[in-house]
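K.L.:
Let me give you the structure first, and then I'll get to my questions.
Each reported figure results from applying straightforward, stated rules to the coordinates on display, with no laboratory input. Note that the structure is predicted; figures quoted are calculated from it, not measured. Neighbour counts run over all protein chains shown; Cβ positions are idealised from the backbone, glycine included.
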Amino acid sequence: MELKRIHHVAYRCNDARETVEFYQRVLNMDFQIAFAEDSVPSTREPDPYMHVFLDAGMGNVLAFFELPTKQPMDRDRNTPEWVQHIAFEVEDYDALLAARQQIESQGIDVIGPTNHGIFQSIYFFDPNGHRLELVANTQTQEQIEELKRVAPAMLEEWSQTKKAPRHAAWLHELEFTDNLP
């Protein structure tokens, strides 16, 4: 099997119109298509829904379902809110800072930039409580090659100990030296 790309990623939303308007306004996504049915095509279960699709650029599609007959939407309370998120790449660090300013100007709280060693990020929430991340890559090819080289050993060590391996500790140690003279 050879996968071409992710066709779309789908999440639930509270209100399809509000969600589309947020992603258009805040992230400049184009609203592409919508499906609405009174039953689920794959299961034939009677369950009305609105399914909206937004263009996240370069063939990436973000979709949402509004499910008016289901229990109110909530996040997975067994998982910290920082874990489940959708990350989008921006052109560079200047674009990340400009995006932060634009998002904050709309009254949205933003965390960051946060230095991850090989990229910088900002974080905020959509109206459904989904955490969003914007990323500006800052890595070198050598850093990526080193991370790829140590990945199997890191996974193996983690699998055995459930403690953070030190193979790539330099990623976050850079954060503490960035501001040194």
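K.L.:
Take the alpha carbon atoms of the stretch 1-70, find their center, do the same for the stretch 83-97, and report the distance between the two centers in whole angstrom.
P.N.:
Here the two parts' Cα centres lie 21 Å apart.
K.L.:
DSSP loop (so not H, G, I, E, B), at most 11 other Cβ within 10 Å: list which trypsin sites (Lys or Arg not before Pro) in the stretch 73-137 pass both filters.
P.N.:
Arg77
K.L.:
Moving to a separate point now. Scan around Arg12 for amide H atoms under 5 Å from its own, H built in the peptide plane at 1.01 Å from N, and keep only partners 5 or more places away or cross-chain.
P.N.:
The answer is Phe65.
K.L.:
Any number yet on Rg/Rh for the stretch 1-71, C-alpha, Kirkwood?
P.N.:
Ratio of gyration radius to Kirkwood radius for the stretch 1-71: 1.01.
K.L.:
Which residues make up the longest stretch of the chain clear of GluC sites (Glu not before Pro) that lie in a DSSP loop with no more than 16 other Cβ atoms within 10 Å, not counting the sites?
P.N.:
Of all site-free stretches, the longest is 92-181.
K.L.:
Using all alpha carbons of the chain, what is the percent of pairwise distances in each 5 Å bin, ordered from the shortest bin to the longest?
P.N.:
1, 6, 12, 15, 17, 16, 12, 9, 7, 3, 1, 0, 0
K.L.:
Among rounded, prolate and oblate, which fits the stretch 73-170 when a ≥ b ≥ c are the square roots of the eigenvalues of its C-alpha gyration tensor, a/c under 1.5 means rounded, and a/b larger than b/c means prolate?
P.N.:
Oblate, since a/c reaches 1.5 and b/c is not below a/b.
K.L.:
Would you mind checking the tilt of helix 141-161 against the longest principal axis of the Cα atoms of the chain, expressed as 0 to 90 degrees and rounded to 10?
P.N.:
80
K.L.:
Regarding the stretch 84-138, what is the average projected area of its C-alpha convex hull, in nm²?
P.N.:
About 3.5 nm², averaged over all directions.
K.L.:
Taking the stretch 32-98, which chymotrypsin sites (Phe, Trp or Tyr not before Pro) meet the DSSP loop condition and have no more than 12 other C-beta atoms within 10 Å?
P.N.:
Trp82
K.L.:
Moving to a separate point now. For the stretch 76-116, what is the convex hull volume of the alpha-carbon atoms per residue, in Å³?
P.N.:
That works out to 94 Å³ per residue.
K.L.:
Which cross-chain or sequence-distant (5 or more) residues have an amide H under 5 Å from the amide H of His130, H modelled 1.01 Å from N in plane?
P.N.:
none
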